[in-house]
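In what follows, a single structure is set out as structure tokens and then discussed.
The values are calculated or read from the model by the stated rules, or taken from the named source; none is laboratory data. Given the structure is predicted, the values throughout are model-derived calculations rather than measurements. Neighbour counts are summed over all protein chains in view; Cβ atoms, including those assigned to glycine, are modelled from backbone coordinates with ideal geometry. Accessible surface areas use protein heavy atoms only, side chains included; no ligands, DNA or RNA. Shrake-Rupley method; radii C 1.70, N 1.55, O 1.52, S 1.80 Å.
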Amino acid sequence: MYFQEILGKKRDRIKLTQAEIQYFIKGYTQYEIPDYQVSAFLMSVFLNGMDIDETTWLTDAMLHSGIVVDLSDIEGIKVDKHSTGGVGDKTSLIIAPICAALNVPVPMISGRGLAHSGGTLDKLESIPGFNVNLNLDQYRHLIRETGLCLIGQTAEIAPADKKIYALRDVTCTVENKSLISASIMSKKLAEGIDALVLDVKTGKGAFMKTQQDSEALAQILISIGKNMGKQVTALITDMDQPLGTHIGNALEIIESVDILKNKCLPLQDDLRILSIELAAHMIILGGKAKELSQAKSLVNQVIQNGSAFSKLKEIVSKQGGNDKALDDFSLLPQAKHSEYIKANADGFVKELDALKIGKGAVLIGGGRMTMDSKIDHGVGVIMKKKIGEPVKKGEPVLEILFNDPKTLKNAADYFNQSITISKKPVEPVKLIKKTLI
Ligand code: URA
């Protein structure tokens with residue numbers, strides 16, 4: 001076998017065999033196949049697709065590119081949550097400590113920013129000292145001791161996803177159901193979970209723009225998980241506008257802490273409601289509640305009594321981070337400048353296009369343009385309005401926090417074009433569209 005042949009088959013829409021997919025993943029993980037050939041392969045998959053057999057084989061090969069962790073010696077039903085990616089989507093930072101505070105262990109392997117969507121690892125790294133690169137022993141130890149661990153794919157766990165994910169980020173090959181499914185499920189199945197909650201985003205800022213496509217993606221993810229003996233619940237949720245108010249790495253840490261400290265503004269209600277809903281499903285899968293209402297009241301308890309926030313501080317400190325930064329936000333990376341994008345008419349906010357806001361946030365330094373780009377953790381956007389709200393001409397809609405004025409010049413069109421104002425009242429967005437079990 002040689003890689004050009006496999007590449008040519010995918011270009012010509014010929015179904016690949018399991019052996020060919022295994023050859024690709026092994027060769028790429030072992031640095032035998034170069035990035036430029038894999039970029040071409042990913043684009044062929046993006047354009048020509050993979051069927052369910054190829055998707056399952058790809059997931060399996062990526063899963064077995066490293067160790068499949070066995071956490072059965074750690075007490076409790078291990079549950080994780082994964083999102084298919086969005087803008088301002090920081091629920092992992094809120095949910096993981098909530099579940100751990102309720103004694104549901106959360107082994108969480110997350111990703112970095114992907115295209116215009118943010119990544120949990122980049123957000124965590126905005127906390128000074130926080131280390132997402134732990135080894136397997138440290139990972140196991142922290143789950144046993146603390147009830148959670150927040151790391152990235154490593155050379156030991158899901159190494160194929162680590163490499164392919166970084167390449168997809170910069171080659172416009174993200175929005176494909178097979179690549180997304182294999183990426184998510186290979187790392188989730190490798191991390192040692194018993195059950196999984198999936199937040200499948202839909203809308204302008206999601207990788208799947210229509211509810212039909214999002215549901216189709218959810219079905220693939222659920223069937224891969226169930227075939228591997230895992231319990232899976234999937235929620236289809238809105239990503240037409242960014243979630244919550246803060247977009248950007250350090251800014252999303254601040255907003256997550258505010259939710260965990262029960263200091264939520266009405267504008268952040270979507271983030272609070274979705275976090276509670278996702279955490280409640282995890283609590284049910286973790287065997288700590290039978291009904292959603294009971295699970296939600298447990299979740300609210302650990303927010304209100306401060307134990308979820310204490311859990312976040314504990315894991316931050318155990319992973320080398322400065323936990324004081326969670327009480328004193330001036331210790332987080334900051335942006336030097338701020339500028340408002342204002343409403344150009346009186347009316348009601350009709351659109352806050354999450355894709356455009358996400359692309360703007362990448363351009364001001366919040367995401368990567370190439371594999372070697374350095375992220376500016378301090379920059380981002382704060383939403384001053386959400387869809388459906390009344391607005392007056394000249395009122396701020398977005399606040400842009402930036403360091404390099406040149407970058408704002410590049411991003412300004414995205415931010416300006418993200419806002420649509422309507423003369424007529426606009427219905428607020430439906431946040432949770434569907435739950436699939
Ligand atoms: N999250 C992932 O881990 N991978 C994707 O491809 C998309 C979202």
Report task. Pick out the one residue from Ser310, Ser317, Ser293 that is in contact (Cβ under 8 Å) with a residue 40 or more places away in the chain and either in contact with a Lys or Arg (Cβ under 7 Å, 6 or more places away or on another chain) or among the polar types (S, T, N, Q) (or both). Result -> Ser310
**Report entry** Which listed residue is within 15 Å of the ligand (Cβ to nearest atom) and assigned to a helix (DSSP H, G or I), from Phe24, Phe46, Phe41
**Finding:** Phe46
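Here's the yes/no breakdown for (1) outside the structural domain of Ser307 (by TED's automatic domain parsing); (2) in contact (Cβ under 8 Å) with a residue 24 or more places away in the chain; (3) surrounded by fewer than 24 Cβ atoms within 10 Å (Cβ to Cβ); (4) within 13 Å of the ligand (Cβ to nearest atom):
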position	(1), (2), (3), (4)
Phe130	no, yes, yes, no
Leu136	no, yes, yes, no
Leu142	no, yes, yes, no
Glu145	no, yes, yes, no
Cys149	no, yes, no, no
Gln153	no, yes, no, yes
Lys162	yes, no, yes, yes
Ala166	yes, yes, yes, yes
Query raised in the report: For Thr55, are the conditions met, namely being farther than 19 Å from Glu277 by Cβ, modelled with pLDDT of 95 or more and within 22 Å of the chain's Cα centre (by Cα)?
Result: yes
Query raised in the report: Looking at (1) modelled with pLDDT of 95 or more; (2) within 13 Å of the ligand (Cβ to nearest atom); (3) over 16 Å from the mean Cα position of the chain (by Cα), which is the only condition Ala206 fails?
Result: (3)
Query - Verdict on Gly85 being touching a Phe, Trp or Tyr at 6+ places or on another chain (Cβ under 7 Å), touching a residue at least 40 places away in the same chain (Cβ under 8 Å) and either away from the ligand (no atom under 15 Å from the Cβ) or open to solvent by less than 20 Å² (accessible area, probe 1.4 Å) (or both) - result: yes
Report task. Search region 191-212 for residues being of a type in the set (D, E, K, R) and over 30 Å from Leu148 (Cα atoms), and hand back the single one that is least open to solvent (accessible area, probe 1.4 Å). Result -> Lys204
Report summary line: Every listed condition ((1) over 17 Å from the mean Cα position of the chain (by Cα); (2) at positive phi) holds for Asp258 save (2)
Requested in this report: Tell me which of these Val45 doesn't satisfy, since it passes every other one: (1) farther than 30 Å from Glu277 by Cβ; (2) open to solvent by 10 Å² or more (accessible area, probe 1.4 Å).
Outcome: (2)
**Report entry** Qualifying residue in region 334-348 (condition: farther than 19 Å from Leu401 by Cβ and either without any contact (Cβ under 8 Å) to a residue 40 or more places away in the chain or in contact with a helix residue (DSSP H, G or I) (Cβ under 7 Å, 6 or more places away or on another chain) (or both))
**Finding:** no
Query - Ser214 vs. criteria outside the structural domain of Asp269 (by TED's automatic domain parsing), outside any loop (DSSP other than H, G, I, E, B), within 14 Å of the ligand (Cβ to nearest atom) and touching a strand residue (DSSP E or B) at 6+ places or on another chain (Cβ under 9 Å) - result: no
Report task. Have a look at Ala182, Ala195 and point out the one that is touching a Gly at 6+ places or on another chain (Cβ under 8 Å), at pLDDT 95 or above and more than 30 Å from Leu352 (Cβ to Cβ). Result -> Ala195
Report summary line: Checked region 388-422 for anything under 15 Å from Ala335 (Cα atoms) and among the charged types (D, E, K, R); matches are Glu399, Asp404, Lys406
Query - Some residue of region 89-106 being of a type outside the set (S, T, N, Q), touching a Leu at 6+ places or on another chain (Cβ under 7 Å), in a loop (DSSP other than H, G, I, E, B) and within 13 Å of the ligand (Cβ to nearest atom) - result: yes
Query raised in the report: Got at least one residue in region 168-186 being polar (S, T, N, Q), more than 13 Å from the ligand (Cβ to nearest atom) and closer than 30 Å to Gln37 by Cβ?
Result: no
Requested in this report: Among what's in region 387-413 and is among the hydrophobic types (A, V, I, L, M, F, W, C) and under 24 Å from the mean Cα position of the chain (by Cα), pick the residue that is farthest from Lys336 (Cα to Cα).
Outcome: Ile387
Report summary line: Within region 399-428, residues being open to solvent by 30 Å² or more (accessible area, probe 1.4 Å), of a type in the set (Ser, Thr, Tyr) and not in a helix (DSSP H, G or I) number 1
Query raised in the report: Only one of these conditions is not met by Ser223: (1) among the hydroxyl-bearing types (Ser, Thr, Tyr); (2) more than 10 Å from the ligand (Cβ to nearest atom); (3) open to solvent by less than 10 Å² (accessible area, probe 1.4 Å). Which number is it?
Result: (3)
Query raised in the report: Is region 62-69 home to any residue that is under 22 Å from Gly287 (Cα atoms), in contact with a Gly (Cβ under 6 Å, 6 or more places away or on another chain) and either free of Cβ contacts under 8 Å to residues at least 24 places away in the same chain or not assigned by TED's automatic domain parsing to the domain that holds Ala250 (or both)?
Result: yes
**Report entry** Flag for Asp73 being within 16 Å of the ligand (Cβ to nearest atom) and of a type in the set (Asp, Glu)
**Finding:** no
